[in-house]
Each structure stands twice: as structure tokens, then as C-alpha cells.
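Down below is the structure, laid out as C-alpha cells.
The values are calculated or read from the model by the stated rules, or taken from the named source; none is laboratory data. Since we're looking at a predicted model, the values are computed, not measured. Please note: Cβ atoms are built from the backbone with ideal geometry, for glycine as well, and neighbour counts cover all protein chains shown. In case anyone asks, the SASA skips ligands and DNA or RNA and just uses the protein heavy atoms, side chains included. Shrake-Rupley method; radii C 1.70, N 1.55, O 1.52, S 1.80 Å.
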Amino acid sequence: MKSRDLRERFTDYFARHGHHKIPSSSLIPEDDPTLLFTNAGMNQFKDYFTGKAKACHPRASTIQKCVRAGGKHNDLENVGHTPRHHTFFEMLGNFSFGDYFKKEAIHLAFDFLTKELGIPQDKLFITVHESDDEAHDIWHKDIGFPAKKIFRKGDRDNFWEMGPFGPCGPCSEIFYDHGPQYASKPASSKAPLDDEERYVEIWNLVFMQFEKTPEGTFELPKPSVDTGAGLERLAALMQGKYWNYDSDLFTPLISRLQDICRLPYGDESASSFRVVADHVRASAMLITDGAIPSNEGRGHVLRRIIRRAVRYLRKLDPAKASLSSLLPEVFQTLGEEYPQNAAHKALAKDLLDKEEQKFLKTLDSGMSFLEEALKRHVVGQTFSGKTAFKLYDTYGFPKDLTEIILKEKNLKLDHTGFDKAQKAQREMSKKSWKGGSGQGEDHKKLFYSIKEKHGPTVFLGQEKLEESGTLLGLEKVGDGEELFALVFDRVPFYGESGGQVGDCGLIAREDGQPAATVMDTQKPVEDLHVLYSKDAGDLEVGTSYLQKVDPEKRKATTQNHSATHLLQSALIEVLGNHIKQAGSHVNWERLRFDFTHSKALSLEQIRHIEEYVNKSVTASHPVSIRSMPKEKARELGAIAMFGEKYGEEVRVVQMGDVSLELCGGTHVGTLSEIGLFSIVSESSLSSGVRRIEAVTGKKALDRLRGRSEALKQIERQFSAKDDDLPGQIQTFKARLKELEKENSKLCEKIQSLEGRTLLDHPEKCGDYLFKAAQVEEGMDMKKLSDQFTAAHPKGLLFLYGKRKGKWSFLLRAHKNLKDIDCSAILGETLKGIGGRGGGRQDMAQGSGGDKADIKKLIAQITRRIQT
């Protein structure tokens with residue numbers, strides 16, 4: 001059975017049993033700062049299990065894309081060397097949110113495996129929690145499964161917890177027996193399933209029936225079910241393979257690699273083939289879900305995956321192969337299930353090529369670093385783990401590669417030191433990607449309860465800027481300041497989302513008198529608009545109030561949002577199809593748009609982009625907004641933000657024949673309402689990501705008017721007109737450069753003359769000539785020392801001077817004086833005053849406190865010179 005058929009069988013089977021298929025969420029977790037990457041099917045349903053939100057569908061199924069390559073769940077180093085470890089994998093899952101429980105979950109899983117897939121029952125083994133008699137009896141008495149093949153296990157193996165607190169419960173795991181030929185240890189009648197080589201877990205059924213709180217563990221009123229089955233394991237099983245890599249999810253990649261590298265997929269090279277095949281899948285899916293290679297957080301993990309893949313690819317083919325050449329095979333196996341990822345394969349190619357080229361340059365530096373480190377960081381026969389981790393973290397050297405090189409030199413690695421350094425880096429990484437949740441968990445729970453009781457907020461702000469609504473909830477949420485959260489049944493206020501800021505404005509009483517000022521509007525819970533105010537403490541729940549959006553700010557924000565859509569179209573037109581949105585922020589002041597591109601834009605490109613947008617504005621295209629099924633929007637070619645998850649019904653914003661995007665924000669009626677578009681800046685945000693900031697409407701006009709006034713002033717100062725001004729400025733700059741050169745030469749002459757006086761008459765110091773002198777601020781110590789050593793082949797010079805209140809020092813010897821170590825002499829001398837110094841043997845520099853006794857320092861230096 002092919003993997004695509006297995007996905008289809010799974011979805012159809014659970015659909016027949018009342019399960020609604022939910023699309024996979026992004027690999028970049030939404031609204032969950034505790035996760036580096038989505039690593040399980042249940043991640044997107046976390047709030048349903050905790051009771052904060054109510055599921056629209058009590059039964060659901062998913063095929064969830066997952067990555068485990070960082071933090072607690074990190075399979076990276078095992079990938080390629082074991083049959084079933086992967087960085088990227090697909091999790092088949094069925095879920096019950098307070099609907100069915102253990103009995104139906106067990107029956108559904110067993111029937112799917114044995115009846116739908118035809119797996120022989122005698123190849124299956126079961127585990128249950130040691131205390132879960134109910135699950136044991138369902139398997140044995142209801143299913144008829146032999147008791148001797150049902151094993152009870154403790155909390156470590158068969159009790160699932162979301163965290164220290166929250167839903168939890170026992171689980172039942174289903175194992176497949178690959179046969180005695182794969183046994184890695186003698187069979188044990190008590191714990192045969194401990195042989196993970198022979199017995200492979202293919203499905204885990206989690207029964208969430210408890211909730212842990214600081215006060216204790218309690219039964220949940222509506223227990224739930226969360227199950228997960230790895231597609232890669234099931235595909236291998238159904239195709240009669242032991243290694244996941246021999247299934248059709250990987251064979252197209254491995255075959256392509258064999259063609260490119262002209263190498264057989266054999267024993268010696270097999271692990272390299274597997275690493276590359278796994279890692280290129282993970283890299284492509286992460287990039288097309290919105291991850292960008294960088295030096296911190298998620299981007300850092302992605303960069304390590306890419307670099308590890310490149311290193312193993314180079315082992316297979318040092319010259320020809322590239323990761324991006326494997327992308328067609330990646331999306332051959334994944335594109336049908338995840339078309340939004342496949343739509344962005346041009347971006348994956350661009351970033352993979354860039355990262356590969358960068359790493360190949362870095363690899364040479366890494367080898368040089370390792371060669372130098374081997375001279376200094378080996379104790380006995382052991383190489384420093386901390387240094388090895390630096391090589392891994394900074395230069396992308398896989399740990400196993402370092403070990404191979406060490407083994408060639410009869411050295412071993414300090415694994416403890418490596419693990420310690422890695423743990424410290426992970427903690428740093430966590431700090432860089434952990435974010436705030438916007439509101440405290442208690443407040444969020446309140447918002448969920450309001451939504452469950454009253455339903456989602458009716459948003460009328462697309463058509464109206466004023467609307468009466470009943471206050472459903474009022475809660476003080478500020479920590480240390482007066483801040484109130486207000487929930488109405490209907491609002492004209494837009495809640496921040498999709499990069500557009502929330503509206504602000506006023507709340508008035510029925511008689512028109514102002515009651516509160518709205519500072520911001522957020523959506524801490526999906527489809528619930530929450531207004532924030534500092535002076536709403538007197539408002540009464542259950543009372544109707546008139547809400548008024550600030551019209552000027554909304555108009556400016558709307559102009560900027562519509563211009564952002566035009567800007568994306570312009571970037572694609574001018575720069576190419578690899579352009580993808582990497583983030584945006586739209587308010588009433590300006591717009592900010594982040595996009596994937598590997599180099600700075602030229603002035604000509606920026607001019608073309610501005611012209612494209614303004615041409616669309618003056619064409620006055622109408623802006624139409626329609627709701628339609630997601631599939632139809634995709635067929636029309638609507639642009640979706642990569643990494644974003646959309647429901648089955650989407651909102652499509654069309655601007656003439658210029659732009660077609662999925663968007664829930666507010667927009668102008670016709671493009672002429674934007675007025676004018678002007679780019680303020682273009683800059684680098686991170687590796688492979690650029691940022692444009694721009695203004696529209698009155699702000700754009702004010703900006704251009706201000707620049708025009710500034711230009712007029714410059715014209716008057718240079719006595720030049722428009723066409724002549726650039727030439728005049730160039731002439732001025734050239735003349736200024738000449739004068740600066742002349743000034744520099746004069747300064748050097750003056751310093752040389754002053755230096756002769758300052759450095760004359762060195763005194764005898766043992767076998768050498770020694771001179772100590774104080775320099776004035778601004779004098780170049782190094783040039784003075786060059787002058788001195790040129791005149792005195794056996795001379796030593798000690799210079800000192802104040803720099804911003806602190807002493808600076810330089811000790812210099814002629815390079816022929818091999819028995820003098822300036823670095824050691826100055827370093828030891830400055831230790832006595834709490835300073836620091838070091839450098840080369842013939843020249844060292846240092847600094848110290850403002851209370852140094854210079855006479856004593858000179859005496860110590862001369863004493864060290866003579867000894």
C-alpha cells in the first residue's frame with residue numbers, strides 16, 4: 001500500500017465514523033510559546049483538552065506534519081543511523097473531545113489496523129498502564145486479544161502528561177512484531193517489548209481522564225482521547241520494509257541521490273543517504289511553513305539541520321550535488337497532502353542554495369578551527385567537549401564528524417563537556433524563542449467561558465465605524481496599572497490580527513456622553529474581540545453602549561493595509577516568484593512588510609516598486625471582498641501567508657487584476673483611496689529576510705513635501721538647481737576627501753615632529769635601550785612605536801596616556817629582540833592594578849584604572865626587562 005493510499009484510507013475510515021478532518025497546523029506553533037516546533041498531532045487542540053475552548057467538532061482526525069529536532073524532543077543525532085528516527089514526520093491522529101472514550105478508541109484503532117489494513121492480529125502486542133484495568137479488559141474481553149500479549153507498564157511508559165499541571169491520563173500502545181530475525185537481545189517473557197529493534201510501537205492511544213492541579217489530581221467531567229500513529233512506520237510495515245527509509249516516502253529521494261552521486265545505496269554510504277533524505281524533507285517543510293535559517297531559536301535549529309545535510313551530501317558527492325536538486329522528490333511525496341508548502345518551493349530552493357553556499361565557506365573555517373583546537377584543547381587522549389560543541393554550534397560540524405576526525409588521530413571526545421555546553425545553549429535558545437501569551441492564563445480562561453456562553457463576537461467593522469452593543473464581560477487585567485478588558489456581543493472595533501493593529505476609539509452612554517476610551521482591541525481567543533481601556537471601571541455588564549471607532553486612524557490603517565497587498569505584488573513583479581511574506585505590521589502611522597530575499601534592493605528596484613504600487617493606485621481598481629471555500633481560492637491563485645493555517649471557508653481580497661490574497665483585515669473600497677505610496681526604508685531583518693517600511697496617504701504626502709523643502713534648502717546652500725545639484729555634491733565630496741587627506745598628512749607630520757622630541761634619548765636598561773613616555777589624547781600610539789623601533793633596533797618603548805578617564809598602555813620591542821615577550825611583561829604588570837594587557841611578543845596593549853601609579857609601573861616593567 002502506497003503512503004498516499006494510507007493517508008486516504010485513514011481519513012476515509014475515520015470520516016465514516018463521524019470524524020471531521022482538520023487540516024494540519026503549521027510546523028511553527030500558533031499561540032503556544034512553550035513549543036519550538038509542532039511535534040505532535042494534539043498541539044493545535046491543546047485548549048480543547050485543557051477546557052479553555054470548546055471544539056466545533058467533538059470527533060476529529062488529522063494528518064499532522066511534525067518536527068522533532070530541538071529541546072526535549074530532539075532526534076537529530078540519531079537520524080540516519082536507526083530505522084525509525086526522523087526530524088520531520090507525519091502523525092496520523094484521531095481525537096475525541098468529550099465524546100467517546102476508551103472502548104470506542106480501542107475498537108477504532110484495532111479495526112483500522114486489522115480490518116482496514118489487514119495486519120495480522122498475531123503480529124500485534126499491547127501495553128496498558130499498570131492501574132488501567134478498564135483498558136486491559138476492553139482489549140481482552142471485548143476485542144478478544146490474548147491476555148498473554150497485553151503487558152502492564154508504569155508511569156514512565158504508559159502515563160501521558162501535558163506538563164506539571166493540566167490534562168493527563170493513562171495510555172495504551174500498540175506494537176508490531178517484525179520477527180525474531182530482528183531481535184537485539186534474548187527474549188524475555190516479562191518484558192519482551194523492551195526489545196525496540198524487534199517490537200515497534202505503531203500507535204499510541206492516550207486517555208485523558210484526569211487533570212493535575214496544584215491542589216491534586218482530579219477526574220475530568222468529560223474525558224477525551226488523543227491518539228497518534230506515525231505514517232512513516234505504518235508505510236514501512238504495509239510495504240513489507242523494516243527501515244522506514246525503504247518505504248515510498250523516502251525511496252524517490254534516495255533513488256534521485258543515487259543518480260546524482262552515481263553511488264549505490266549500500267552499507268558504507270547508507271546512513272549518509274538517509275540523513276540527506278530526512279533532512280531535506282525537514283528543511284523544505286520548515287522553510288515553506290515560515291522558518292528562516294538564522295543564529296537563534298527556530299532558525300538556528302533549521303540552520304543546523306541544513307548544515308548537517310550538506311555535510312553528509314558532500315560525503316556522497318564532494319562536487320556536484322545540491323540539496324535543492326532534491327526538492328521535486330520532496331514535494332512528489334508531500335505536495336499532495338500539503339499543497340500550501342508545495343506552492344512555496346521556489347522559496348525553499350532560494351534559501352537552501354544560499355545556506356549551502358554559506359556553509360561550504362564556513363566548513364573550511366571549521367576545519368582550520370579544529371586543527372588549531374587540537375593543538376590546545378586535548379588533555380591526555382581526550383578532546384574538549386566544550387570546544388567540540390563550539391565547532392558544532394558555530395561551524396555546523398556534526399558531532400559524529402568531529403568524532404570520526406578524532407578517531408583518526410587516536411583521540412576521544414569529552415561527551416560530558418559536550419552535553420553540558422549543549423544544555424547551556426538550549427537554555428539560551430529557549431529564551432530567544434519563548435514569547436508572552438498576550439494575556440494571563442486566568443484571563444484567557446475567562447474569555448473562553450464568555451465565548452462558550454455567548455458565542456463569538458459579531459464584528460460589524462467592515463461596514464460600520466459606530467455600533468451599539470451589550471457589555472457581556474468586564475475584567476481588570478492590568479498588573480500594577482488600571483487596565484480593563486471589555487467584551488461586547490457586537491463591535492465595530494477590529495481586533496489585532498493578520499499584522500493589522502486593533503482599533504481604538506470611544507465608548508459612549510445612551511445619552512451620547514463619553515464613558516470610556518478604547519486604547520486597543522485584541523483577539524486573545526479566536527473570534528472574540530476584546531477592547532482594552534484604562535477608564536472603563538464604571539461600566540456595567542448587561543448595559544448597552546455606543547462604540548465609536550476613531551475614523552482617522554482606521555482610515556489610515558486601512559490605506560496602509562491595502563498598500564501592503566500592492567507592495568507584495570510589486571515585489572513579486574520586480575524581484576521574482578521567490579518573494580514570500582515573512583511578517584507584517586500595519587498601523588495608522590506606517591506599514592512594515594518583511595519578505596524573503598537574499599540581498600539588498602538597489603535604488604532602481606525600489607523606484608520600480610514604488611512606481612508599480614502608485615500606478616495601481618492611480619488606476620483606481622475596485623477592491624472586492626468575497627468568502628469562498630479554501631480550495632476555490634487556491635484554484636483562483638489567491639496568495640496565502642506561508643505558515644498560516646486557514647479554515648475551510650476563507651476571505652479573499654481582490655484588487656483589480658493586480659492582487660488576490662487571503663485576508664481578514666480592513667481595506668479601502670477603491671485603490672485610489674490609498675492616495676500615495678512612498679517607501680521610507682529598506683533593510684536587512686535577518687539572513688534571507690528583508691524589510692520595507694512605507695507610508696501612504698497624507699503621511700506619504702507630508703514625507704515627500706518635507707523632503708522637497710529639505711532639497712530646496714540644499715539647493716540654496718549649493719547655489720544649484722535640480723539637475724545641477726548631484727554634480728555639485730559630488731564635486732564637494734571629492735574636494736572634502738582631498739582636504740581630509742591633506743589634513744591627515746599634516747597631522748602625521750606634526751605627530752612625527754612631536755614624536756622625535758617625545759621619544760628622544762632612550763636610557764640604558766640592561767642590554768637594551770628603554771623609553772617611557774606619556775602621550776596626549778588623540779596621538780597614535782602604534783605609529784609612534786613604529787617610529788621608535790625604526791630608529792632603535794635594540795629599543796623598547798612604553799607609552800601611556802589617558803583615554804576617556806582611563807589609562808591606556810602600549811609596550812613595544814623591536815621584532816629582532818626574540819628574548820623579550822611584551823605580551824607577558826605587560827600582562828603581568830597590569831594585573832597588579834586590576835588592568836588587562838596582552839598581544840604579540842613584539843607589541844602588547846592594555847588598559848587599567850584611573851588611579852594607576854605610573855612610576856611604579858615603569859619600575860616593574862624595567863625590572864622584568866632586565867630579568
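Of the solvent-accessible surface of the chain, computed with a 1.4 Å probe over protein heavy atoms with every protein chain present, carbon and sulfur atoms account for 48 percent. Stretched out straight at 0.36 nm per residue, the stretch from R705 to A346 would grow longer than its current Cα-Cα span by 125.3 nm. Helix 603-618 and the longest principal axis of the Cα set of the chain meet at an angle near 40°. Summarised in one figure, the compactness ratio Rg/Rh of segment 1-65, Cα atoms and Kirkwood Rh, is 1.01. On the principal axes of its alpha-carbon atoms, segment 565-703 has extents of 40, 34, 24 Å, going from largest to smallest. Extension gain, Q605 to T217, is 133.5 nm, computed as 0.36 nm per intervening residue step minus the present C-alpha separation.
Mind checking which lysines have their C-alpha under 17 Å from K699, skipping anything on the same chain fewer than 8 residues away? Hits, sequence-local ones excluded: K553, K555. At the listed q of 0.06, 0.08 Å⁻¹, the Debye profile of the chain, built from one uniform point per Cα, gives log10 I(q)/I(0) equal to -0.59, -0.96. For segment 736-838, the Kirkwood hydrodynamic radius comes to 14.8 Å, computed from all pairs of different C-alpha atoms.
Size of segment 557-598: Rg and Dmax of its alpha carbons, in Å, are 10.4, 30. Of the trypsin sites (Lys or Arg not before Pro) found in segment 558-623, the ones in coil according to DSSP and having at most 11 other Cβ atoms within 10 Å of their Cβ are K599. Label-to-label distance, K733 versus R840, with points set 7 angstrom from Cα along the beta-carbon direction: 3.5 nm. At full extension, A424 and I750 could sit 112.1 nm farther apart than now, given 0.36 nm per residue minus the alpha carbon distance. Within segment 759-847, DSSP assigns beta bridges of which about 75% are antiparallel (rounded to the nearest 5).
Multiplying each eigenvalue of the alpha-carbon gyration tensor of segment 297-363 by 5 and taking the square root yields semi-axes of 22, 15, 10 Å, largest first, rounded to whole angstroms. Rolling a 1.4 Å probe across the protein heavy atoms gives the chain an accessible surface of 48 Å² per residue. Per residue of the chain, the DSSP helices (runs of n ≥ 4 H) give a summed -39500 (n - 2.57) that works out to -12500 deg cm²/dmol at 222 nm.
Would you mind giving the average projected area, over all directions, of the Cα convex hull of segment 87-154 in nm² with one decimal? Dividing the Cα hull surface by four gives the mean projection, 6.2 nm². With Cα atoms defining each centre, segment 112-186 and segment 812-867 are spaced 72 Å apart in the structure. Taking all Cα pairs closer than 8 Å and separated by 6 or more residues, the relative contact order of the chain comes to 7 percent.
Among 554-560, 403-409, sorting by the average number of other beta carbon atoms lying within 10 angstrom of each residue, highest first, gives 554-560, 403-409.
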